[in-house]
1. Label points 7 Å out from Cα along the Cβ direction at LYS39 and GLN74: separation in nm?
2. Using a Cα-Cα cut-off of under 19 Å, which lysines could be cross-linked to LYS35, ignoring same-chain neighbours fewer than 8 residues away?
3. Once you charge only the Cβ atoms, +1 for Lys and Arg and -1 for Asp and Glu, what is the size of the charge dipole of segment 26-93 about its Cα centre, to the nearest 20 debye?
4. Testing the spin-label approximation: label points 7 Å from Cα along Cα→Cβ at LYS55 and ASN89. State their distance in nm.
5. How do PHE92, PHE26 rank when sorted from fewest to most other Cβ atoms within 10 Å of their own Cβ?
Amino acid sequence: MNKRFYLLAPLPTLFFAVAAASAAQFPILDKIADKVVQKYQQSTCEQLWQEKAQKKPKPEMEQKLIQMLRNDPQMRTEFINRVAAPMANKMFECGMIP
C-alpha cells in the first residue's frame, strides 16, 4: 500500500508543472481567456441576452483571435479548456442553454 502512495506522490507536482508550462506557452491567450471569463461572470443575464440579439460585426482584434484559434489546434484547445466551464455555467443560469 505504501508503494502506491509513493508512486502517486509526484502527481500533483507534475500537474502544476504542466499547467504552468501551458500557461507560459500562450501568454496572450491567458489575458484573453481571463477577459472572456470575467465578462461572463460580471454580465447579467439581460446583458447577455441583449448581446446575443444584436448581430453586429466582430471587432478586428476579435476576428484575428478567432483566426489564430482556427489555425492553431493546441491554442484553441487551451482557450476552450479555460473558458468553456464558466461560459456554459453562466449560459445555463440565464436559460440560454437547456
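1. 2.6 nm
2. Of all the lysines, those that pass the test against LYS35 - Cα under 19 Å, at least 8 places apart if same chain - are LYS52, LYS58, LYS64, LYS90.
3. Using only the charged Cβ atoms, the result is roughly 200 debye.
4. 3.3 nm
5. Sorted ascending by nearby Cβ count, the order is PHE92, PHE26.
Values in this text are rule-based calculations from the coordinates and carry no lab data. Bear in mind the structure is a predicted one, so any value in this text is a computation, not a measurement. In this analysis, Cβ positions are derived from the backbone assuming ideal geometry, glycine residues included, and neighbour counts consider all displayed protein chains.
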